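Data block below; observations after.
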Amino acid sequence: MITIKNLTLLLAVLFMGFCLISSVSAMDNDSSSLTGSNDLSGSSVSSSSNGGVASVSSSSNNGLASDSNLNNLESNDISSSNVNSENEVLSTDNTAEDSNLKHDLNNKNSGSDLEDSLNNKNSKNILSSSSDSSNSPLQAKAKTKTTLKGSSNSLYKGNYYTISLKDSNGKALSGQKLSFNIGGKTYSLTTDSKGSSYLQINLKEGKYAMLCSYAGSDLYSSSSLSLTLSVLKNPNAFTVKEIETAAGNVKKYVLKNKRLPNTVKVGSKTLKISEFSYLSSKLISNLNSNNKKDIILLSGISNGKSSSTSLKTTVYKAQYLDLANNVVSYISSKKVAPSESVVKDASKKSVGKANFNLYTFAFARILDFHKSKNYLPKYCTFESSVFKQSASLKSTTIKGSSNTLTKGSYYKITLSDSSGKVLSGKKVSFNIGGKTYSLTTDSKGSSYLQINLKEGKYAMLCSYAGSKVYKPSKNSVTLTVLKNPNAFTVKEIETAAGNVKKYVLKNKRLPNTVKVGSKTLKISEFSYLSSKAIVNLNSNNKKDIVLLSGISNGKSSSASLKSNIYKAQYVDLAKRSYSNIESKKVPSSYISIKYSSNKVANVNFNLYTFAFSKVLDFHKSKNYLPKSCTFESSVFGVGTKKATSIKTSSNSINKGDAYSVTLVDNKGKGLANQKITFTISGKSYGKTTNSNGVASININLNEGKYSVVSSFGGSSTYKASKFSNTITIKSNNRFSISEIESAATSVKTYVNSNKVLPSTVTVANKKLSISQFSYLMAKAVYNINAGNANYITLPTSMSNCNSLGDNIDTTVYKAQYIDLTKRVVSFEESNKAPPVYAKVYSSSGSSIGNVGFNLYTYAFSKVLDFHKTKKYLPKYCTFESSVFKDSAAPIGNLSNKINYNSSQFKNGLNEKNTESDLSKYLVGTGQSAITSSIKDLATKLTKGLTSTDAKAQAIYNYVRDEIDYSYYANSKYGASGTLSKGSGNCVDQASLVVALCRASGIHARYAHAKGCTFSSGLVTGHVWAQVLVNGVWYSADATSVRNGLGNIVNWNTRSYSNLNKYAAVPF
């Protein structure tokens, strides 16, 4: 008899069996091939073992996209954006051979065939029984809601569309079946461990309606997502026609120039020759299989070298196909083209090797043949003689650094060709002192030889042997080797040691500084020299000792000792002392030492430094090291500690500025090299006082009032002290990088819309002039590159300026636009106004032109807008004058008014003319001789200019901006030689200004004075030019870009004496 309980169990078993049969039937149906549609014929679905990856393609598609970075590339724009607008994570398939759908083994979980997955007995899709009644599918249970979320609605052909399934709690649901319906077909996938499935889209470019759905389960409710999917062309995919057209151009170029081009234009893109070699070899292989799909360019292919092998033979179709396949495989594996590859005949025997140049040219000819005949040729001739090396070799020059250097310094030479291009990786030799040294030039064409010879003069020959491309060259110099200013003799160190010994015995402490030879050193530096001298003398080495740079003072511990230390022990102590300093750039506060009966004690800095001075003082008088030395701490008398106090001069600072305190003793003397601890907002910071007893800390807190505690922990000499203070932090004219970047975005947007710069810019609720903001942007770009994220302070005054310059349309790379920001900031900080134009350079160092204020300001805004989004600086920035309504005003259109410095209206600078006979100031003679090159340049500079003001300004600006400063005494090259070299000292630069002015009919003369104090602190004699314009002589000092006509900035115009004026310079 069947009971109700048994009947219920029977029904449950029958129900589970029905579900199992249905599930298996559904899975078998999923594995079927997808056919029958013109758009999707020949398509199939394959998935990994987790069922989460599939592909949809079209038979008319020219190939699967691969190696795409999904950048939306627009020419002449420093920024780039992803097509993906939401998740921004789309994997790419680097393999695309045909329209069949494949696993993405690189970016998805590895797996097996779909059939294997469906036959897996442990599949999660098979209903199984459970002893846990709570999981029984026969029990009614509320289902959890689910949500489907997709990736971007736009993607490149060949990329993956990602969909994620989550429950209402945000939990990713793995092992769930999802379906994708697109292009009239449905694809079934299973979510991976992250709840995601991936469908590769290989449809033609266009828009497609797509429905993604989840049918639900016993535990989860169903959900769906519908969208319109835009499929875009892969920018790295090239058609057969594009590659064949490029091949024809390569063939023509080689036949004309006897060499391969460096780059090849394929479609709309300019590719490296190695990238073209990959595309051409890949296409030849494809065409042999009648495959005319687009070819995806492999990313990261770099140019290699071509070997010097030569070959002349006929290669038949089967063999050049084999060669093409080998090249494809090599580049795919190595990301660089092979320098050569073996060529075989019909019997598969090697007939030689075709180098990169030869086989790439052969591939170009094969494809050019196919373009016209529509079939591959039966054979192709390989003949190296088509590549002929030029018989004429390029001249080379070796240029050396200064002929005078200090012992231990480096002598530098630079190797360049006749065009001024530096030559890297070349072997050069130095012959000096009877020995020859071989070195290789670096990326800047330079090699460096360290000179450790004795002081004196040496004949040196620097030579380059030449190569197949370059002629040999040499440079002979007489090198003067000077004494190293940081080298000290044993006698100098011993004399200083005797003085230290006397000082300690008198004052019961070490001195802060010690005079060694003619130099005053820190006590830590003397400790280094004395310990090194003891070790050297123990080895009978009496050579000079070079002081290690960067040694800072340390502390002395409170350790005490009274013992007699023997020679072996104090020599070992000296060795460990200088070794510690060489390692840490600071002496140890104490060093352990063994003494009587192997006892160990700590010797503090004060004691061992005093001991070294005693040892060296003994050696000075006896000429040998003592057998022992007494170490006795009591020599440093310990008296009452001196009281200290901390004070500050300001209770209010700007945000980001330094808050400073001064530590003084009971007599008000500043205490150097003492540690001050600042505590503010719950954090503590340690700083060390400078020579005046001042310690500082930069505070970048927001505006407001803060309590700051400054404390000194005391020392063996000084008592501890503490100072509490409330400071007010203001943020006047200080701006963060993020604030400047936000404003830069608004400037970029404004220019793009209005074709002009805004007159004012609001930064952090403060309205600034465009000149002020241009400074902030230039400083921000420079600081970002230097890793400096500190606030930027706006100078107190910044005048507006005009925008002059050339019409520019170029790309400026990162190193060059960083250099531009550095020069602009320097000019603005010196002149309190932006430059009306600034020179920009190519990556090779040659001048591109002068970019006006408007254009470089706009460029800075683009760079900062890019950094705001990408968090790194762009590799390059485009400079295009056409973005503005009016092109940049040419530099020749100069103001007819000279903006001289009225405070410099004095004798020898800016002064009224008092002479009646001025004829001598128009004659070119001596150093200011008017040669044909001077005449030609003067004509060029003043062309179109009618006033004397404008002509004088143009001539002065040229010499100031185009002629580099080079230090030497008196005249050396004169006006013509300085123009030819592109550099000169103050005398020769003045001669060039005088000669150009006189050639243009402008009176000009020399001024010479002594005692000129420059910004660097140098005090010396100096020469500059004076130019007569409308009855006034104006100073024309062209030695610094900070100067202007009638305005000298780089030296103190109140400091000179012994003024003389000349029509012709006498020296």
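The values are calculated or read from the model by the stated rules, or taken from the named source; none is laboratory data. Predicted model only: the values in this text are computed from it and were never measured. Here the Cβ is made from the backbone with ideal geometry for all residues, glycine too, and neighbour counts use every protein chain on show.
Is the stretch 532-545 home to any residue that is touching a helix residue (DSSP H, G or I) at 6+ places or on another chain (Cβ under 7 Å), outside any helix (DSSP H, G or I), at pLDDT below 95 and of a type in the set (A, V, I, L, M, F, W, C)?
Yes - at least one qualifying residue is present in the stretch 532-545.
Please enumerate the residues belonging to the stretch 976-985 that are under 26 Å from Ser1057 (Cα atoms) and either surrounded by fewer than 23 Cβ atoms within 10 Å (Cβ to Cβ) or among the aliphatic types (A, V, I, L, M) (or both).
Asn985
Can you tell me which residue among Lys149, Lys256, Lys204 is under 46 Å from the mean Cα position of the chain (by Cα) and assigned to a loop (DSSP other than H, G, I, E, B)? Even if it seems obvious, please write down each step before you answer.
Values: Lys149 fails: assigned to a loop (DSSP other than H, G, I, E, B); Lys256 fails: assigned to a loop (DSSP other than H, G, I, E, B).
Answer to the check: Lys204.
Report whether or not Lys471 is surrounded by 14 or more Cβ atoms within 10 Å (Cβ to Cβ), farther than 30 Å from Lys542 by Cβ, out of contact with any Phe, Trp or Tyr (no Cβ under 8 Å at 6 or more places or on another chain) and of a type in the set (Lys, Arg).
Here the answer is yes, as Lys471 does meet what is asked.
Within the stretch 406-418, can one find any residue that is of a type in the set (A, V, I, L, M) and farther than 10 Å from Gly445 by Cα? Break it down stepwise before answering.
Within the stretch 406-418, the first condition is being of a type in the set (A, V, I, L, M), and the residues that meet it are 413, 415.
Adding the requirement that they be farther than 10 Å from Gly445 by Cα leaves none.
So far as the stretch 406-418 goes, no, none of its residues is of a type in the set (A, V, I, L, M) and farther than 10 Å from Gly445 by Cα.
Identify all residues within the stretch 568-597 that are of a type in the set (D, E, K, R), surrounded by 14 or more Cβ atoms within 10 Å (Cβ to Cβ) and out of contact with any helix residue (DSSP H, G or I) (no Cβ under 7 Å at 6 or more places or on another chain); write none if there are none.
Quick first cut of the stretch 568-597, residues of a type in the set (D, E, K, R) only: 572, 575-576, 582, 584-585, 594.
With the extra rule that they be surrounded by 14 or more Cβ atoms within 10 Å (Cβ to Cβ), the set shrinks to 572, 575-576, 585, 594.
Across the stretch 568-597, the qualifying residues are Asp572, Arg576, Lys585.
Within the stretch 167-182, how many residues are closer than 18 Å to Ser226 by Cα and surrounded by fewer than 20 Cβ atoms within 10 Å (Cβ to Cβ)?
Pass one, the stretch 167-182, residues closer than 18 Å to Ser226 by Cα: 177-182.
So of that shortlist, the ones also surrounded by fewer than 20 Cβ atoms within 10 Å (Cβ to Cβ) come out as 179, 181.
Selection size over the stretch 167-182: 2.
How about the stretch 756-788: which of its residues are in a loop (DSSP other than H, G, I, E, B) and under 11 Å from Phe735 (Cα atoms)?
Of the stretch 756-788, the ones in a loop (DSSP other than H, G, I, E, B) are 756-759, 764-765, 786-788.
Within the stretch 756-788, Ala764, Asn765 qualify.
Could you check Tyr782 against (1) out of contact with any strand residue (DSSP E or B) (no Cβ under 9 Å at 6 or more places or on another chain); (2) at pLDDT below 95; (3) of a type in the set (Ser, Thr, Tyr) and say which number it fails?
That leaves (2) as the condition not met.
Does Asn325 satisfy the criteria of being touching a helix residue (DSSP H, G or I) at 6+ places or on another chain (Cβ under 7 Å) and more than 30 Å from Val481 (Cβ to Cβ)?
yes
From Lys669, Lys562, grab the single residue that is under 23 Å from Thr688 (Cα atoms), touching a residue at least 12 places away in the same chain (Cβ under 8 Å) and surrounded by fewer than 21 Cβ atoms within 10 Å (Cβ to Cβ).
Answer to the check: Lys669.
Identify, please: which residue in the stretch 524-536 is hydrophobic (A, V, I, L, M, F, W, C) and buried (at least 21 other Cβ atoms within 10 Å of the Cβ) and is, among those, farthest from the chain's Cα centre (by Cα)?
Within the stretch 524-536, the subset hydrophobic (A, V, I, L, M, F, W, C) is 526, 529, 533-535.
Next, from what is left, pick out any that are buried (at least 21 other Cβ atoms within 10 Å of the Cβ): 526, 529, 533-534.
Numbers: Phe526: 40, Leu529: 39, Ala533: 43, Ile534: 46 Å.
The selected residue is Ile534.
Run Asn512 past the list (1) in contact (Cβ under 8 Å) with a residue 24 or more places away in the chain; (2) polar (S, T, N, Q); (3) closer than 22 Å to Tyr570 by Cα and report the number of the one that doesn't hold.
(3)
Would you check if Thr726 is surrounded by fewer than 17 Cβ atoms within 10 Å (Cβ to Cβ), among the polar types (S, T, N, Q) and in contact (Cβ under 8 Å) with a residue 24 or more places away in the chain?
Values: surrounded by fewer than 17 Cβ atoms within 10 Å (Cβ to Cβ): yes; among the polar types (S, T, N, Q): yes; in contact (Cβ under 8 Å) with a residue 24 or more places away in the chain: yes.
In short, yes.
For (1) assigned by TED's automatic domain parsing to the domain that holds Asn536; (2) hydroxyl-bearing (Ser, Thr, Tyr); (3) under 30 Å from Val535 (Cα atoms); (4) in a strand (DSSP E or B), each residue gets a yes or a no:
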site: Tyr437; (1), (2), (3), (4): no, yes, no, yes
site: Asn452; (1), (2), (3), (4): no, no, yes, no
site: Tyr458; (1), (2), (3), (4): no, yes, no, yes
site: Lys468; (1), (2), (3), (4): no, no, no, no
site: Glu494; (1), (2), (3), (4): yes, no, yes, no
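Name the single residue, out of those in the stretch 575-610 being in a helix (DSSP H, G or I) and either over 50 Å from the mean Cα position of the chain (by Cα) or not assigned by TED's automatic domain parsing to the domain that holds Leu548 (or both), that is nearest to Phe636 (Cα to Cα).
Residues of the stretch 575-610 in a helix (DSSP H, G or I): 575-584, 596-598, 605-610.
The next check asks that each one be either over 50 Å from the mean Cα position of the chain (by Cα) or not assigned by TED's automatic domain parsing to the domain that holds Leu548 (or both); those that pass are 596-598.
Values: Ser596: 22, Ser597: 26, Asn598: 25 Å.
Among those residues, the one meeting the criterion is Ser596.
Give the residues of the stretch 927-951 that are surrounded by 17 or more Cβ atoms within 10 Å (Cβ to Cβ) and either not in a loop (DSSP other than H, G, I, E, B) or not aliphatic (A, V, I, L, M) (or both), sorted by residue number.
Gln927, Ser928, Thr931, Ile934, Leu937, Ala938, Leu941, Thr942, Thr948, Asp949, Ala950, Lys951 - these are the residues of the stretch 927-951 that are surrounded by 17 or more Cβ atoms within 10 Å (Cβ to Cβ) and either not in a loop (DSSP other than H, G, I, E, B) or not aliphatic (A, V, I, L, M) (or both).
Considering the stretch 808-851 alone, what residues qualify as being out of contact with any strand residue (DSSP E or B) (no Cβ under 6 Å at 6 or more places or on another chain), in a loop (DSSP other than H, G, I, E, B) and surrounded by fewer than 16 Cβ atoms within 10 Å (Cβ to Cβ)?
Lys832, Ser844, Gly845, Ser846
Go through the residues of the stretch 879-886 one by one and say whether even a single one is surrounded by 16 or more Cβ atoms within 10 Å (Cβ to Cβ), β-branched (Val, Ile, Thr), out of contact with any Asp or Glu (no Cβ under 9 Å at 6 or more places or on another chain) and not in a helix (DSSP H, G or I).
no
Pick from the stretch 476-492 the residues that are out of contact with any Phe, Trp or Tyr (no Cβ under 9 Å at 6 or more places or on another chain) and not in a loop (DSSP other than H, G, I, E, B): which of them is surrounded by the most Cβ atoms within 10 Å (Cβ to Cβ)?
Checked the stretch 476-492; the qualifying residue surrounded by the most Cβ atoms within 10 Å (Cβ to Cβ) is Phe488.
Any residue in the stretch 278-291 that is of a type outside the set (Ser, Thr, Tyr) and touching a Ser or Thr at 6+ places or on another chain (Cβ under 7 Å)?
No; the residues of the stretch 278-291 include none that is of a type outside the set (Ser, Thr, Tyr) and touching a Ser or Thr at 6+ places or on another chain (Cβ under 7 Å).
Between Leu155, Leu199, Leu148, which is under 14 Å from Leu227 (Cβ atoms), of a type outside the set (Lys, Arg) and modelled with pLDDT of 95 or more? Outline the logic, then answer.
On the way: Leu155 fails: modelled with pLDDT of 95 or more; Leu199 fails: modelled with pLDDT of 95 or more.
Of the residues listed, the single one that is under 14 Å from Leu227 (Cβ atoms), of a type outside the set (Lys, Arg) and modelled with pLDDT of 95 or more is Leu148.
Does Asp806 qualify as being among the charged types (D, E, K, R), without any contact (Cβ under 8 Å) to a residue 40 or more places away in the chain and on the phi < 0 side of the Ramachandran plot?
Values: among the charged types (D, E, K, R): yes; without any contact (Cβ under 8 Å) to a residue 40 or more places away in the chain: no; on the phi < 0 side of the Ramachandran plot: yes.
Considered against the rule, which asks whether it is among the charged types (D, E, K, R), without any contact (Cβ under 8 Å) to a residue 40 or more places away in the chain and on the phi < 0 side of the Ramachandran plot, Asp806 comes out as no.
Among Ser895, Ser947, Ser928, which is the only one that is at pLDDT below 95, in contact with a Phe, Trp or Tyr (Cβ under 9 Å, 6 or more places away or on another chain) and polar (S, T, N, Q)? Quick ask: steps written out before the conclusion?
Numbers: Ser895 fails: in contact with a Phe, Trp or Tyr (Cβ under 9 Å, 6 or more places away or on another chain); Ser947 fails: in contact with a Phe, Trp or Tyr (Cβ under 9 Å, 6 or more places away or on another chain).
Testing whether each residue is at pLDDT below 95, in contact with a Phe, Trp or Tyr (Cβ under 9 Å, 6 or more places away or on another chain) and polar (S, T, N, Q) leaves just Ser928.
Which residues, taken from the stretch 331-373, are surrounded by fewer than 18 Cβ atoms within 10 Å (Cβ to Cβ), free of Cβ contacts under 8 Å to residues at least 24 places away in the same chain and not aliphatic (A, V, I, L, M)?
Of everything in the stretch 331-373, those that are surrounded by fewer than 18 Cβ atoms within 10 Å (Cβ to Cβ), free of Cβ contacts under 8 Å to residues at least 24 places away in the same chain and not aliphatic (A, V, I, L, M) turn out to be Ser333, Lys334, Ser347, Lys348, Lys349, Ser350, Ser372, Lys373.
What is the one condition in (1) over 30 Å from Tyr410 (Cα atoms); (2) in contact with a strand residue (DSSP E or B) (Cβ under 8 Å, 6 or more places away or on another chain); (3) assigned to a helix (DSSP H, G or I) that Val504 does not satisfy?
If we test Val504 against (1) over 30 Å from Tyr410 (Cα atoms); (2) in contact with a strand residue (DSSP E or B) (Cβ under 8 Å, 6 or more places away or on another chain); (3) assigned to a helix (DSSP H, G or I), just (2) comes out false.
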